[in-house]
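Report on the structure given below.
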């Protein structure tokens with residue numbers, strides 16, 4: 001006869017900046033949070049989130065000398081553990097939020113909790129090239145705000161044709177000598193105002209009807225192969241940085257038909273809070289933020305989620 005699982009006060013799904021900050025705050029509130037942090041083999045919701053794929057982080061407050069992304073996440077995890085959070089390095093495979101206490105499964109193992117904080121993050125859509133895993137953080141990036149500073153005076157490329165791509169390209173001209181926007185068609189999807197700004201910027205060039213088909217470099221990006229989408233001809237472009245800006249996908253498949261989502265798949269939260277449509281379930285970080293997508297804003301919303309969660313639990317047990 002199997003024993004009834006322990007009912008946890010707070011269960012946190014995901015362990016990027018949002019999840020770990022939520023864990024720190026919840027642990028300091030004596031809620032003993034259980035964090036199911038993801039699995040190392042997963043490219044979407046791995047422990048530590050997207051910062052595990054980042055080399056140096058220079059824009060996180062408190063680290064004027066910079067800090068490696070994995071080191072920052074380890075410090076956050078250690079801090080949460082110190083205050084009483086427990087961790088399971090697995091991937092959640094199923095949830096049931098239809099009644100309280102809530103149920104979460106890791107394969108055949110069931111966990112029960114009075115409240116849930118969802119912080120599964122988002123992933124940048126990539127080009128699908130074999131060399132990406134070796135060069136991410138070494139010339140290949142998905143975040144101009146995070147990494148643009150490292151490309152001062154260099155020639156770099158941005159892949160994409162929407163508002164995000166042109167925003168990245170414009171931002172990168174503050175640092176780079178030249179930015180080439182590579183787009184697979186001959187017209188952009190970006191808004192007219194963004195196009196006008198980009199076309200007027202002397203540092204931005206455009207490579208139309210083109211896609212990146214190979215990344216060159218051994219340990220560090222040295223150039224890219226371009227294939228013309230009309231005639232299939234190939235050429236090389238000598239750049240030291242490539243920023244992929246073809247979109248993001250929130251890691252919300254687990255919550256489809258469970259939690260209310262925006263059309264783009266991001267979880268909906270009530271205005272100025274982290275409450276989802278289900279009382280006792282909260283969402284924070286990139287899984288519900290399609291605008292800022294920064295480590296510091298994710299951490300801030302993780303703090304909000306823990307405070308919202310603590311107050312909600314108190315209201316259930318006055």
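The values are calculated or read from the model by the stated rules, or taken from the named source; none is laboratory data. Note that the structure is predicted; figures quoted are calculated from it, not measured. Cβ: placed from backbone, ideal geometry, glycine included. Neighbour counts: every protein chain shown.
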Positions within the stretch 290-304 being out of contact with any helix residue (DSSP H, G or I) (no Cβ under 6 Å at 6 or more places or on another chain) and either modelled with pLDDT of 95 or more or closer than 25 Å to residue 29 by Cα (or both), in sequence order: 296, 297, 300, 304
Within the stretch 1-13, considering residues that are at pLDDT 95 or above and either out of contact with any strand residue (DSSP E or B) (no Cβ under 9 Å at 6 or more places or on another chain) or buried (at least 22 other Cβ atoms within 10 Å of the Cβ) (or both), the one farthest from residue 105 (Cα to Cα): 10
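Report, by residue number, each residue of the stretch 84-135 that is outside any loop (DSSP other than H, G, I, E, B), farther than 30 Å from residue 216 by Cα and touching a helix residue (DSSP H, G or I) at 6+ places or on another chain (Cβ under 8 Å). Step through it out loud before you land on a result.
Applying the first criterion (outside any loop (DSSP other than H, G, I, E, B)) to the stretch 84-135 yields 86-88, 94-96, 102-106, 109-118, 122-124, 132-135.
Going one step further and asking which of them are farther than 30 Å from residue 216 by Cα, we end up with 86-88, 94-96, 102-106, 109-118.
87, 94, 95, 114, 115, 117, 118, listed by residue number.
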Based on this model, can you work out whether residue 230 counts as at pLDDT below 95 and in a loop (DSSP other than H, G, I, E, B)? no
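Taking the stated definitions as given, is residue 263 outside any helix (DSSP H, G or I) and either without any contact (Cβ under 8 Å) to a residue 60 or more places away in the chain or under 11 Å from residue 118 (Cβ atoms) (or both)? Let's see the steps before the verdict.
Values: outside any helix (DSSP H, G or I): yes; either without any contact (Cβ under 8 Å) to a residue 60 or more places away in the chain or under 11 Å from residue 118 (Cβ atoms) (or both): yes.
It is true that residue 263 is outside any helix (DSSP H, G or I) and either without any contact (Cβ under 8 Å) to a residue 60 or more places away in the chain or under 11 Å from residue 118 (Cβ atoms) (or both).
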Output the residue which, of all residues in the stretch 56-73 that are out of contact with any strand residue (DSSP E or B) (no Cβ under 9 Å at 6 or more places or on another chain) and either within 17 Å of residue 23 (Cβ to Cβ) or free of Cβ contacts under 8 Å to residues at least 24 places away in the same chain (or both), is surrounded by the most Cβ atoms within 10 Å (Cβ to Cβ). 73
Only one of these is surrounded by 15 or more Cβ atoms within 10 Å (Cβ to Cβ), more than 15 Å from residue 119 (Cα to Cα) and at pLDDT 95 or above: 280, 241. Name it. 241
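Any chance the stretch 61-71 includes a residue that's assigned to a loop (DSSP other than H, G, I, E, B) and at pLDDT below 90? Outline the logic, then answer.
We begin by selecting, within the stretch 61-71, every residue assigned to a loop (DSSP other than H, G, I, E, B); these are 61-66.
When the remaining residues are screened for being at pLDDT below 90, the result is 66.
Yes, the stretch 61-71 contains a residue that is assigned to a loop (DSSP other than H, G, I, E, B) and at pLDDT below 90.
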Of all residues being surrounded by 15 or more Cβ atoms within 10 Å (Cβ to Cβ) and in contact (Cβ under 8 Å) with a residue 60 or more places away in the chain in the stretch 223-238, which is farthest from the chain's Cα centre (by Cα)? Just the residue, please. 237
Is there a residue being over 21 Å from the mean Cα position of the chain (by Cα), more than 20 Å from residue 285 (Cβ to Cβ), in contact (Cβ under 8 Å) with a residue 12 or more places away in the chain and assigned to a loop (DSSP other than H, G, I, E, B) anywhere in the stretch 74-83? no
Test: residue 192 is surrounded by fewer than 17 Cβ atoms within 10 Å (Cβ to Cβ), more than 17 Å from residue 151 (Cβ to Cβ), over 25 Å from the mean Cα position of the chain (by Cα) and not assigned by TED's automatic domain parsing to the domain that holds residue 12: yes
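Here is a yes/no grid of residues against (1) part of a helix (DSSP H, G or I); (2) over 29 Å from residue 56 (Cβ atoms):
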site	(1), (2)
157	no, no
167	yes, no
175	no, no
181	no, no
196	yes, yes
202	no, yes
205	no, no
215	no, no
221	no, no
